[in-house]
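Notes follow once the structure below has been shown.
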Protein chains: 2
Amino acid sequence: MAKATRQQIVEAADNLFYSHGYVQTSFADIAAAVKISRGNFYYHFKTKDEILDAVIDKRLTDRETLLAKWDETSSSPAGRIECFIRIVIVNQAKIMAYGCPVGTLTTELAKLDHASTDKANEIMTLFRDWLIRQFEALGCGGKSEENALHVLTWSQGVATLAQAFKDEAYVHREVDRILEWLAGIVREAQQAGN
Amino acid sequence: MAKATRQQIVEAADNLFYSHGYVQTSFADIAAAVKISRGNFYYHFKTKDEILDAVIDKRLTDRETLLAKWDETSSSPAGRIECFIRIVIVNQAKIMAYGCPVGTLTTELAKLDHASTDKANEIMTLFRDWLIRQFEALGCGGKSEENALHVLTWSQGVATLAQAFKDEAYVHREVDRILEWLAGIVREAQQAGN
């Protein structure tokens, strides 16, 4: 039971930090969302910073699970990169409302000069390193990091503008564009491999 | 003198909202930065929301001035788009510390469901419409909006990742990439025009 309550708190905080921002979300907001007593709450977390660390850990684990699933279900590296690209469509409604959960938390914590800024950046690093591995498997060699960062740049930019303009057609157009670019990279790698 | 004080307040608030975020910046922080009495401060602004609106107005005017300068100093539309692209290098130090002032405010206000969210988005719209005009002048016709949004997507993505990874070489590499893309667009437009 104690574990379930802790998990509920972290999930509620995760949603509130994403939809309202970290600073704007108070300890009381999280307690109210979980509907537990202050005593029970303090049993699990003493400060908002402790909750933040637990939220970042949860987000890291969730993303690791997602990437591992793609590693299993998609046989080609290009197919896995495409799964990553399509997140902006899969999560479109939330992204249009609140931007990217990873990028917006990173930026918010950096502005606060918060002690957990580096920890939050680890999620971005997780995506980067996973994308590097896919481009390496694709045969991009020394260009793998550059290509990985290009995809990550694109995804962050799309999230910010999807949120600002709320234009679904734009998101789909940008997905088509980057998939076209990816197809070019695959062709190049195949030609170099022959 | 009254005008100068008002201007000082808005400039201090602009910097604080950018470097620490809107929510995190208090009325008292801004007064302390400007070093004026509470009475003098209240003479100019009654609420933080009023200051926010003045900051957004200032940012809009600043960007309009910058774009007008590029319209004057650069004779070709491609040269003007390149000026826009190079902002991420010109403002690199600040972007690495705090991200893009336009994108991060837009996201923060959206999460707050703040009444000035649409007003903040006008800066993004200003950039978009200016870029559309440049691509139209380049001869991109029906592709102008798509290309404009592609450049804006790129710039927002670069700002977010420059802030997360603080990697100067990455920023320069991404600028080279998008300039190469732009050169391709210019060639296409010239061929279509012949």
| remark: Quick count over segment A:107-141, residues being small (Gly, Ala, Ser) and within 24 Å of A:Trp70 (Cβ to Cβ), is 4
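For segment B:1-106, which helices (runs of 4 or more DSSP H) that fit wholly inside it have 1 or more residues that are within 12 Å of the chain's Cα centre (by Cα)? Show your work before the answer.
On the way: elements: B:2-20, B:27-34, B:38-44, B:48-73, B:77-85, B:87-90, B:92-98.
Passing ranges, in order: B:2-20, B:48-73, B:77-85, B:87-90, B:92-98.
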| remark: Residue hits (segment A:1-31; exposed (fewer than 13 other Cβ atoms within 10 Å of the Cβ) and within 30 Å of B:His114 (Cβ to Cβ)) are A:Ser26, A:Ala28
| field | Within segment B:35-83, considering residues that are open to solvent by less than 40 Å² (accessible area, probe 1.4 Å) and among the aromatic types (Phe, Trp, Tyr), the one farthest from B:Ile132 (Cα to Cα) | value | B:Phe41
| query | Consider A:Val102 against the criteria (1) buried (at least 16 other Cβ atoms within 10 Å of the Cβ); (2) away from chain B (no Cβ under 13 Å): it satisfies all of them except one. Which criterion is unmet? | reply | (2)
| field | Selection from segment B:146-175 of residues that are charged (D, E, K, R), part of a helix (DSSP H, G or I) and more than 9 Å from every other protein chain (Cβ to nearest Cβ) | value | B:Glu168
| Would segment B:148-162 turn up any residue that is open to solvent by 20 Å² or more (accessible area, probe 1.4 Å) and among the hydrophobic types (A, V, I, L, M, F, W, C)? | no
| field | Cβ-Cβ under 9 Å pairs, at least 6 apart or on other chains, segment B:118-143 side away from chain A (no Cβ under 14 Å) and modelled with pLDDT of 95 or more, far side surrounded by fewer than 21 Cβ atoms within 10 Å (Cβ to Cβ) and not in a helix (DSSP H, G or I) | value | B:Ala137/B:Ser76; B:Leu138/B:Ser76
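The values are calculated or read from the model by the stated rules, or taken from the named source; none is laboratory data. Everything numeric here is computed off the predicted structure, so don't read it as measured data. Cβ sites come from the backbone with ideal geometry, for glycine too, and all protein chains shown count toward neighbours. Heavy atoms of the whole protein, side chains included, go into the accessibility calculation; ligands, DNA and RNA do not. Shrake-Rupley method; radii C 1.70, N 1.55, O 1.52, S 1.80 Å.
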